[in-house]
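As structure tokens, the structure follows; a few thoughts come after it.
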Amino acid sequence: MIAGTLFIVAAPSGAGKTTLVGRLMAEDPHVQHSISYTTRAPRAGEQNGREYHFIDVQQFLAMRERGEFAEWAEVHDNFYGTSRVWLEQRMKEGCDMLLEIDWQGAQQMRRQLPEAVSIFILPPSIAELERRLRKRGSDSEDVIARRVAGALGEMRHVHEFDFVIINNDLDVALGELKAAVRASRLRFARQRARHPDVFRFLDQD
Ligand SMILES: Nc1nc2c(ncn2[C@@H]2O[C@H](COP(=O)(O)OP(=O)(O)O)[C@@H](O)[C@H]2O)c(=O)[nH]1
Ligand SMILES: Nc1ncnc2c1ncn2[C@@H]1O[C@H](COP(=O)(O)OP(=O)(O)O)[C@@H](O)[C@H]1O
């Protein structure tokens, strides 16, 4: 059976995960980014089907009801979810998949695929996190305040992750992310050879 590795990247809003993942994808053609569904409004410059599939709450709840999400969560008053069909299809084809999801989604994915590799990105400090959210210029003051207030609660889940990367210097953090991906691929290939039964998630129809 051919199966890819599942990478989960989580971080508080503003830590730099989108920037880091974007750089990783540009350099590593073997990893595919799953495009989540969200009820959040698109930011300036975001395109439907590129950063996210933007849908309304009714559509999201209907998809959730039909079991179409491999995982979903409510984060900062918006719903986010990963398409189950898309994820399973790509992984069965042998693609390495990367999910940029929050800690709640990470917990749900680990229950289904304990071999998933999870990476948590930390900002150097809360003050720097706030500066980065301001610098990004995509959110109102009210939204920034809510994201900063939520960051500590999200960071309490850091110990649940396999790798922790502090995104202080971007190039250093990218190097660590690439090293984590490389190490996990090797470990995953060895595990898969020894314990094919643990990949039952990929065998479900
Ligand atoms: N559980 C889950 N969380 C998601 C998903 N997509 C995005 N998120 C998380 O939702 C949070 C907010 O994302 P977003 O609105 O894009 O803001 P940003 O993190 O500041 O770029 C982040 O923690 C994301 O990782 C998803 O499909 N599932
Ligand atoms: N290492 C870094 N040093 C300084 N600024 C950074 C760094 N990494 C990301 N940023 C900037 O911080 C802001 C938030 O980054 P982003 O990738 O959107 O975060 P997230 O996806 O985690 O919310 C962006 O303006 C980005 O350019």
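The values are calculated or read from the model by the stated rules, or taken from the named source; none is laboratory data. What you see is a predicted model, and the numbers here were worked out from it, not measured in a lab. Neighbour counts run over all protein chains shown; Cβ positions are idealised from the backbone, glycine included. These accessible areas exclude ligands, DNA and RNA; they are computed on the full protein's heavy atoms, side chains included. Shrake-Rupley method; radii C 1.70, N 1.55, O 1.52, S 1.80 Å.
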Give the lysines reachable from K135 as a straight Cα distance under 21 Å; neighbours fewer than 8 places away on the same chain don't count.
K17
Which order do R182, R146 take when ranked by solvent-accessible area (1.4 Å probe, heavy atoms of all protein chains), largest first?
R182, R146
Of G150, N168, A193, farthest towards positive along the dipole that unit charges on Lys, Arg, Asp, Glu beta carbons give region 136-197:
A193
Exposure of H159 as accessible area (Å², to 10), given a probe of 1.4 Å and all protein chains
140
Straight-line reach check, K92, cutoff 24 Å on alpha carbons, 8 or more apart in-chain or any other chain, hits among lysines -> K178
Which value, in Å² and to the nearest 10, is the accessible area of V172 when all protein chains are kept and the probe is 1.4 Å?
80
So how strong a dipole does the chain carry about its Cα centre when Lys and Arg Cβ are +1 and Asp and Glu Cβ are -1, to the nearest 20 debye?
400
Within region 36-92, report the GluC sites (Glu not before Pro) that DSSP leaves as loop and that have at most 15 other Cβ atoms within 10 Å.
E46
Students sometimes get this wrong: rank I35, I119 by accessible area, probe 1.4 Å, all chains present, largest first.
I35, I119
When DSSP beta bridges are limited to those with both residues in the chain, what percentage is antiparallel, rounded to the nearest 5?
30
So, with a 1.4 angstrom probe, what is the percent of accessible area on the chain that is carbon and sulfur?
52
Between V57 and I166, with labels modelled 7 Å along Cα→Cβ, what's the label distance in nm to one decimal, could you check?
4.0
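Under 8 Å for C-alpha pairs, at least 6 residues apart: give me the relative contact order for the chain, rounded to a whole percent. Numbers along the way, then the final one.
Numbers: 294 pairs, mean separation 63.1, N = 205.
Dividing the mean separation by the residue count of the chain yields 31 percent.
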Gained length - N48 relative to S125, 0.36 nm times residue gap less alpha-carbon distance:
24.5 nm
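Heavy-atom accessible area per residue, the chain, 1.4 Å probe: how many Å²? Working shown, then result.
Numbers: 10460 Å² over 205 residues.
On a per-residue basis, 51 Å².
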Can you bin region 49-117 into rounded, prolate or oblate? Criterion: square roots of the alpha carbon gyration tensor eigenvalues sorted a ≥ b ≥ c, rounded for a/c under 1.5, prolate for a/b above b/c, oblate for the rest.
prolate
Assuming a ≥ b ≥ c are the square roots of the Cα gyration tensor eigenvalues, decide whether region 138-184 counts as rounded (a/c under 1.5), prolate (otherwise, with a/b larger than b/c) or oblate.
oblate
Take the Cα gyration tensor of the chain, multiply each eigenvalue by 5, square-root it, and list the three semi-axes largest first, rounded to whole angstrom.
27, 21, 15
Please report, for the Cα atoms of region 5-87, the Rg to one decimal and the Dmax as a whole number; what are they, in angstrom?
13.2, 37
